[in-house]
1. So if R0 is 35 Å, what FRET efficiency would Glu218 and Arg59 give, r being the distance between their Cβ atoms, rounded to the nearest 0.05?
2. Enter the Cα centre distance for the pair the stretch 172-214 and the stretch 217-234, rounded to the nearest angstrom.
3. Under 15 Å from the Cβ of Ala200, count the other residues' Cβ atoms, weight Lys and Arg +1, Asp and Glu -1, and hand me the total.
4. Accessible area per residue of the stretch 162-233 at 1.4 Å probe, in Å²?
5. Just to be sure I understand the model, the point goes 7 Å from the Cα along the line to the Cβ. What's the resulting Ala210 to Glu134 distance in nm?
6. Efficiency by 1/(1 + (r/R0)^6): what FRET value for Gln106 and Gln192, r their Cβ-Cβ distance, R0 = 22 Å, to the nearest 0.05?
7. Each label point is 7 Å from the Cα along the Cα-to-Cβ direction; what then is the distance between the points at His203 and Arg152, in nm?
8. Would you mind telling me the share, in percent, of accessible area of the stretch 153-204 contributed by carbon and sulfur at probe 1.4 angstrom?
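The values are calculated or read from the model by the stated rules, or taken from the named source; none is laboratory data. Note that the coordinates shown come from a computational prediction; the quantities given were computed from them, not determined experimentally. Neighbour counts run over all protein chains shown; Cβ positions are idealised from the backbone, glycine included. These accessible areas exclude ligands, DNA and RNA; they are computed on the full protein's heavy atoms, side chains included. Shrake-Rupley method; radii C 1.70, N 1.55, O 1.52, S 1.80 Å.
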Amino acid sequence: MNVVADMLLTEPAPLAIWVTLLLAATLSVLALAGVDGVPDPHLVLMDAVPGVRRLRARRARRREDAAHAVRYADELVVATGRAARVADLWREHAEQSAQRADTAWQAWQDAEQRLVAMRAASAYPMPDAGTPAEHAERERFLHRAIGAAVDRGDLPVEALTGDGGWDPSLHPVDQERAVQQATVAHRRALYQRAVMAEKAVRHDARLAVATRDSLRQEAAVAVARAGAVRHLAPGLRPGPVSRPRRAVLIPA
């Protein structure tokens, strides 16, 4: 007995073991006896050790942080795919807008060339209308010329009904030149609007590409981080895989 007592007094480790065993045995007896308010003795024993509680808390935080990192990476991958599709749509829109601007410019130049030819052909003054019938015929000719220009898109629809400053008493040659002058002005305005629209579309397209590229970089970092901690959150389902896409350049 003296040997056991000396060992317990001189060696702290056996003493701690005996105290732990005694505490566990006591709690087990109380639990088996049906004492109210006494929880699982193993949990009580675990909670009684501060180091174990801190370890459990750190593990819980690591699992929570890992789950957040995995979910964040998966959401970024999805957002990157959507941003890539939006950027592709804006690129197509920009290409179409550029084509419309080119078409409008060519139509304006063609109208200018026709006006130059008409001015050369009508360098001499034309006679006035001699009779009311001739005046009525000139008025009908003017309406037909305006209607044909509207059908071609050379004039707006308002030219048929609004007051465009037309003079029905002019000779048909002068009327055609007046219609062509109005056509040049209208085609020039259409081209200017097309250029403004193209600039706006290209600006939005560049923003879409910048957003896509920024999301790709952020997603790459997030996916790498999630891959390193995904094993800590085994309950989460594997997220979508980010596949590289060919870069699309939007001209400045």
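1. On the way: r = 28 Å, r/R0 = 0.80.
Calculated value: 0.80.
2. After rounding, the separation between the Cα centres reads 48 Å.
3. Numbers: positive: Arg91, Arg100, Arg193, Lys199, Arg202, Arg206; negative: Glu95, Glu198, Asp204.
It works out to a net charge of +3.
4. Working: 3940 Å² over 72 residues.
Ligands and nucleic acids excluded, the result is 55 Å² per residue.
5. 6.7
6. Values: r = 14 Å, r/R0 = 0.65.
In this case the efficiency is close to 0.95.
7. Distance between the two pseudo-spin positions: 3.5 nm.
8. Details: 1590 of 2830 Å².
Carbon and sulfur: 56 percent of the exposed surface of the stretch 153-204.
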